[in-house]
Amino acid sequence: MFQRSIILASTLALALVLPACGGGGGHAAVVPTSTAPTQTGPGSLSGSVGTLAYGASMLTGASQRGAASLGTVHFQAMVRLQNGAGLETYAKSASDPTSGLYRQFLSSSLIGARYGATDADYAAAATYFRGFGLKVGGWPQKLVLSVSGKQADVERAFGTTLVTYQGAKGLLIGPKTTPQLPSTVPVVAIGNLVKDLSKAAQYRAMVPAPRGQGNNLTGGYTPEQIATAFDYTSAYAAGFTGAGVKLGIIGTGPVDPNDLASYKATFNWPNAILGRKGAGALKVVPASSAAAANTTPVGTGSPTATPPPVTAPCNGALPACNPEDAEAQIDTEQALLAPDAETDFYLAYVPDECGSPTVSTCPPNPATGYGYAYIGLSEADDSIEQAIADNTGGGAGPDILSLSFGGSELGEAFYFTDSKGAYSATSFGVLEYAALAAEGVATFVSSGDAGAQGCARPAVTGAVNNQCVSWPASSADVMSVGGVTTPVDNAGRFIGPITGWGFQTDAGSSGSGGGLSAYIPLPSWQTGPGITGSFRNQPDISLNGDPVTSVSTIVNADFGFAGSGGYGGTSVAAPEMAAMWALVLSACKVTTSCKGPAGTYRLGNPGPVLYKIYNNATQYPATFYDVTFGNNGVIPCRVNPGQVGTCPNPVPTPDPGFNAGTGYDQMTGIGVPFARHLIQTVVGV
């Protein structure tokens with residue numbers, strides 16, 4: 001399961017299977033109302049569509065325990081597509097400066113018409129599930145349907161029952177027998193039907209900075225220190241502030257807009273830099289509405305709901321109590337480094353789907369005191385699908401997305417493999433990010449906080465000592481963002497070299513994620529000295545992330561700054577890089593020579609542009625700081641205490657990591673960019 005990347009590597013978590021997902025927004029096929037299918041109970045269906053992928057590998061080696069009682073169950077159904085492989089091919093061409101299709105980006109409806117499911121198939125699948133009383137929503141790109149309803153109705157739809165399993169990592173819920181669908185239902189995969197309820201799935205890591213670090217008010221660096229250190233300030237002075245650019249954040253937890261207002265007031269930001277109030281606004285975008293989800297048109301919503309308002313710090317459960325968790329605050333507050341950009345915060349919430357296997361309500365987790373109801377982290381694909389849907393053309397929708405979450409490739413392989421475990425270019429996870437790239441959206445993802453041992457958080461049995469990277473940072477259609485140690489004084493001036501975040505400062509408890517993918521082929525644009533093998537290398541770039549050089553974060557501003565402090569992790573680096581790219585796009589927006597077809601200022605997946613700079617002997621040293629010191633090896637028992645056992649005495653040496661060095665390395669990528677120089681190199685102004 002995915003997990004956050006605050007001082008740990010924030011990466012989302014959801015148990016989707018190979019192809020599958022869901023969300024809402026836009027226009028799509030019309031689905032007629034239907035009568036219930038003849039299916040009446042578990043086990044009576046026959047004639048499934050080929051091999052229905054549903055994440056069975058997650059249950060390998062697990063033993064059944066007993067019946068599950070979930071109340072509401074939410075899942076995604078991937079409908080048979082017209083040309084999934086074509087979508088991935090187009091996404092690559094649209095971001096390739098050497099292609100005739102460069103920057104000819106598509107709208108969500110065009111993706112649906114060319115590559116997604118046919119209207120007839122989309123309607124047939126939706127009609128089937130609605131026939132069992134389930135709520136069904138979808139999007140104009142027609143990649144998946146989002147489905148929600150009572151557990152008993154879901155069980156009838158698949159001809160099975162949901163039971164609890166004891167797995168090597170912890171407690172899971174999944175179907176007792178292989179789910180089946182009639183041959184007339186054009187669904188090829190089901191996501192989130194297998195649910196990981198172990199600590200790994202619920203894990204939230206918010207690691208405060210070491211005592212004494214940062215400013216005296218809240219701890220951690222102020223936005224002015226970060227802006228000065230990485231030369232955002234020179235970009236502001238040149239008039240590039242993110243104006244007219246939309247920066248989307250896939251939320252993994254609740255957000256209170258007052259936190260952002262308090263952050264601005266506390267640090268006089270951006271007035272201190274710009275001498276005026278920034279025009280940027282925070283817009284909370286629910287993935288969809290439950291009311292719209294069950295209306296006749298498919299494409300107007302998903303079964304998720306608008307989360308309840310944030311409440312005071314509490315030990316209760318959603319929806320009575322909605323505790324903040326710092327991840328949303330890190331993302332939105334670091335996004336203010338593009339002070340005039342609009343920040344769209346996407347957040348999905350299923351109020352009755354609980355992380356408890358035996359009750360139909362949502363009691364607090366005794367281990368954390370927080371409620372179990374799924375919000376954000378487990379429902380991220382609905383939010384991503386909504387962001388895809390919002391790109392209707394003509395500048396609508398987010399230009400950039402920032403994702404501060406992820407999970408080890410071994411644990412998330414159902415996103416990008418087929419039923420036999422081999423990489424598949426037509427799996428849901430691959431196509432989800434391909435759709436964003438085809439729309440010209442630049443997606444930045446945290447590389448993880450478990451160093452080279454991404455399987456240690458959350459723990460993957462038998463693999464915690466293996467070098468392992470994080471998904472979706474390993475997708476070929478996103479930029480993987482690592483973290484570095486950034487020593488600066490109170491004025492934001494460097495007082496030492498930038499180094500990789502790893503063992504040298506964190507003593508093996510965490511580090512910037514990086515290494516070689518075990519599945520994703522090496523993208524054609526990822527070339528140059530230091531790139532190794534035939535699989536995706538990550539990270540691509542790095543920015544501040546070490547908790548030793550943390551950033552100030554304000555949480556629970558309405559309740560006396562409870563929880564304010566300094567936080568680190570690649571969850572910090574990803575929104576910082578997204579904000580820097582917003583400055584690049586705002587420069588392109590006002591520069592005639594930079595604009596593409598139909599006046600677009602989007603540049604698509606930044607990978608081809610950034611690696612072209614890396615391979616230019618003049619541009620590279622003028623744009624990037626080449627980090628040459630550090631190692632991202634970690635000690636698994638320190639990275640994830642309680643999941644891989646207590647550390648023995650003496651503490652073992654760290655597992656092998658990757659060294660930072662000259663040029664590209666699998667700890668810091670091609671290095672650290674500086675905003676004003678990046679704009680000059682990319683845009684020419």
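The values are calculated or read from the model by the stated rules, or taken from the named source; none is laboratory data. The structure presented is a predicted model; accordingly, all values stated were derived computationally and were not measured. Because the Cβ atoms are built from the backbone with ideal geometry, glycine has one as well, and the counts that use them run over all protein chains shown.
Summary of computed values
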| quantity | calculated |
| --- | --- |
| Complete set of residues in the range 607-628 that are more than 19 Å from Asn544 (Cα to Cα) and polar (S, T, N, Q) | Asn615, Asn616, Thr618, Gln619 |
| Subset tally (residues that are part of a helix (DSSP H, G or I), surrounded by fewer than 23 Cβ atoms within 10 Å (Cβ to Cβ) and among the hydroxyl-bearing types (Ser, Thr, Tyr)) for the range 91-116 | 2 |
| Residue match in the range 289-302 (condition: modelled with pLDDT of 65 or more, assigned to a loop (DSSP other than H, G, I, E, B) and either among the small types (Gly, Ala, Ser) or touching a Phe, Trp or Tyr at 6+ places or on another chain (Cβ under 6 Å) (or both)) | no |
| Count of the range 484-502 residues which are assigned to a strand (DSSP E or B) and within 10 Å of Asn632 (Cα to Cα) | 1 |
| Any hit, the range 627-636, residues being at pLDDT 95 or above, of a type in the set (Ser, Thr, Tyr) and under 24 Å from the mean Cα position of the chain (by Cα) | no |
| Residue match in the range 242-258 (condition: within 16 Å of Leu337 (Cα to Cα), part of a helix (DSSP H, G or I) and at pLDDT 80 or above) | no |
| Residue within the range 651-662 that is within 25 Å of the chain's Cα centre (by Cα) and either part of a loop (DSSP other than H, G, I, E, B) or buried (at least 18 other Cβ atoms within 10 Å of the Cβ) (or both) present | yes |
| Some residue of the range 659-679 being modelled with pLDDT of 85 or more, more than 17 Å from Asn544 (Cα to Cα) and of a type in the set (Val, Ile, Thr) | yes |
| Residue in the range 566-574 that is touching a helix residue (DSSP H, G or I) at 6+ places or on another chain (Cβ under 7 Å) and surrounded by fewer than 24 Cβ atoms within 10 Å (Cβ to Cβ) present | no |
| Check on Val185, modelled with pLDDT under 90 and among the β-branched types (Val, Ile, Thr) | no |
| Residue check for Thr505: surrounded by fewer than 21 Cβ atoms within 10 Å (Cβ to Cβ), modelled with pLDDT of 95 or more and either polar (S, T, N, Q) or not in a helix (DSSP H, G or I) (or both) | no |
| Some residue of the range 406-421 being closer than 14 Å to Pro472 by Cβ, modelled with pLDDT of 90 or more, out of contact with any Leu (no Cβ under 8 Å at 6 or more places or on another chain) and not charged (D, E, K, R) | no |
| Conditions (1) modelled with pLDDT under 85; (2) in contact with a Cys (Cβ under 9 Å, 6 or more places away or on another chain); number of the one not met by Phe559 | (2) |
| Checklist (1) out of contact with any Leu (no Cβ under 8 Å at 6 or more places or on another chain); (2) buried (at least 19 other Cβ atoms within 10 Å of the Cβ); (3) of a type outside the set (D, E, K, R) applied to Gly137, failing item | (1) |
| Single condition Arg536 does not satisfy, out of (1) assigned to a loop (DSSP other than H, G, I, E, B); (2) at pLDDT 95 or above; (3) of a type outside the set (Ser, Thr, Tyr); (4) within 23 Å of the chain's Cα centre (by Cα) | (1) |
| Residue identified as surrounded by fewer than 24 Cβ atoms within 10 Å (Cβ to Cβ), in contact with a strand residue (DSSP E or B) (Cβ under 7 Å, 6 or more places away or on another chain) and not in a helix (DSSP H, G or I) among Leu410, Leu401 | Leu410 |
| Residues within the range 117-160 that are within 18 Å of Val73 (Cα to Cα), in a loop (DSSP other than H, G, I, E, B) and among the aromatic types (Phe, Trp, Tyr), tallied | 1 |
| Helices (runs of 4 or more DSSP H) completely within the range 560-641 that count 3 or more residues being over 22 Å from Ser404 (Cα atoms) and in contact with a Pro (Cβ under 9 Å, 6 or more places away or on another chain) | 607-614 |
